1. One residue is enough: does the range 316-323 have a residue meeting the conditions in contact (Cβ under 8 Å) with a residue 40 or more places away in the chain, touching a Pro at 6+ places or on another chain (Cβ under 8 Å) and either open to solvent by 30 Å² or more (accessible area, probe 1.4 Å) or not in a strand (DSSP E or B) (or both)?
2. Kindly establish whether A104 is hydrophobic (A, V, I, L, M, F, W, C), under 26 Å from the mean Cα position of the chain (by Cα), open to solvent by less than 20 Å² (accessible area, probe 1.4 Å) and under 13 Å from E284 (Cβ atoms).
3. Checking the conditions here, which among G47, G86 is over 30 Å from T387 (Cβ atoms) and open to solvent by 20 Å² or more (accessible area, probe 1.4 Å)?
4. In the range 374-396, how many residues are open to solvent by 20 Å² or more (accessible area, probe 1.4 Å), in contact with a strand residue (DSSP E or B) (Cβ under 9 Å, 6 or more places away or on another chain) and under 30 Å from C30 (Cβ atoms)?
5. Which one of V167, V79, V154, V142 is within 30 Å of K2 (Cβ to Cβ), surrounded by 18 or more Cβ atoms within 10 Å (Cβ to Cβ) and in contact with a strand residue (DSSP E or B) (Cβ under 8 Å, 6 or more places away or on another chain)?
6. Which count do you get for residues in the range 170-213 that are modelled with pLDDT under 95, under 27 Å from R300 (Cα atoms) and not in a strand (DSSP E or B)?
7. Check D213 against each of (1) of a type outside the set (G, A, S); (2) crowded, with 19+ Cβ neighbours inside 10 Å; (3) farther than 30 Å from M313 by Cβ; (4) under 14 Å from the mean Cα position of the chain (by Cα) and name the one condition it does not meet.
8. Among strands (runs of 3 or more DSSP E) lying entirely in the range 222-294, which contain 1 or more residues that are farther than 25 Å from V308 by Cα and open to solvent by 40 Å² or more (accessible area, probe 1.4 Å)?
Amino acid sequence: MKVLLVGGGGREHAIATAIVKSKRVDRLYCAPGNAGIAQIAECAPIGVMEFDRLIAFAKQKQVDLTVCSQDDPLCAGIVDAFEAAGLKIFGTRKNAAIIEGSKAFSKALMKKYHIPTAAYEVFTDAEEAKAWLKANNRFPIVLKADGLALGKGVLICNTLEEAQEGVRTIMLDRKFGTAGNELVIEEFMTGREVSALAFVDGTHYQLMTSSQDHKRIGDGDTGLNTGGMGTFSPSPFFTDEIRRICDEKIFRPTVDAMKSEGREFRGVLYFGLMLTEDGPKVVEYNTRFGDPETQVILPRMKTDIIDVFEACMNGTLDRIRIEFADNAAVCVVLASGGYPVSYEKGKVIHGLEHFRDRDDIFCFHAGTKFDDRGRIVTSGGRVLGVTALGSDLKDARNRAYEAVKYIDFEKMYLRHDIGHAIDEA
């Protein structure tokens, strides 16, 4: 098979690595890709939102299957566009991708189908939102831009003043663009956060191994929210009992609800969960592989990923068995100093050769490119994700931090406590 992968981040590098392992794949293309993906795929300089160019490329190269797992193109209808052109593509159609594209939609869905989540209100007027905050006066509280905001459109506010400022930032200053047309205000939940990803074929779903993300920039879960500074898998807090409750109250009801709404979900459905004192509740849905969760989940998957993609597309997910290795993985993200606010690019990266031909440690590229001298340099806030496999979580964490020592670039920043919750499990 010839496969085209759409995207160019760390998640895509992890997906690309899984795809080239498939015995069914002869050639992998990626658009636009990055410097790491370029070592295992032929990259084309086409943007993820350039559907016409992507379709033309897929036809020119006689691509058998396209794979997309990025929120913007999925919510904009890349799957619908490819299918209309007669091309096979793995991903979620536009009418189902709304489960991530609109937080107001997903909250209303959960309310209608009694899926446990935080209490909430939706506003389209900033002054009404401010008045509600003043009248209710319960803090901390969570403000969420309704639309896509690169994983950063969520503000946790501890005082009325912070919340009023947050409303202004999202709805009036439009920090997150049109994502702030609507605002969701919801109660602040406490507990362990767990990421549960599932392959879905419209009717059936199969859960992947669990994982846990670290969103805050600083050690001890302090500072600004980021796209994710590291992950570990599996989560020791996602027990068999928690899984049973989630199957009954969250996973199955969500898949069934989307089908009942005429929005049959096919692709990867990401459940962001909070394990509260009142039981598991949904924090958010995503319509794709998580980033950087994918970097610890796919290295542990034993089943051929192409078989899984096709089963999701064909509605036959109940006929295959998806297996994960009985091990653990930890990913430490290496970022540009100053991320997520402002940072410099173009820093030369040293030490990547240490990861070549290894199947126990991986260096997934997120924000990298080649400079005019052919060197691999930084080109984003999150630059690399160093993942290590181990016999258990502590072993994987030790190996990940040892592997981090191979890499060096100017102003490199990382958290030193990824997986700290492991010690409390």
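1. No, that holds for no residue.
2. yes
3. G86
4. So the answer is 5.
5. V79
6. The total comes to 1.
7. The single condition D213 does not satisfy is (3).
8. So the answer is 222-225.
The values are calculated or read from the model by the stated rules, or taken from the named source; none is laboratory data. Please read all numbers here as calculations on a predicted model, not as lab measurements. Ideal geometry is used to build each Cβ from the backbone, glycine not excepted, and the neighbour counts take in all protein chains shown. Note: accessible area is taken over every heavy atom of the protein model, side chains too, but ligands, DNA and RNA are not part of it. Shrake-Rupley method; radii C 1.70, N 1.55, O 1.52, S 1.80 Å.
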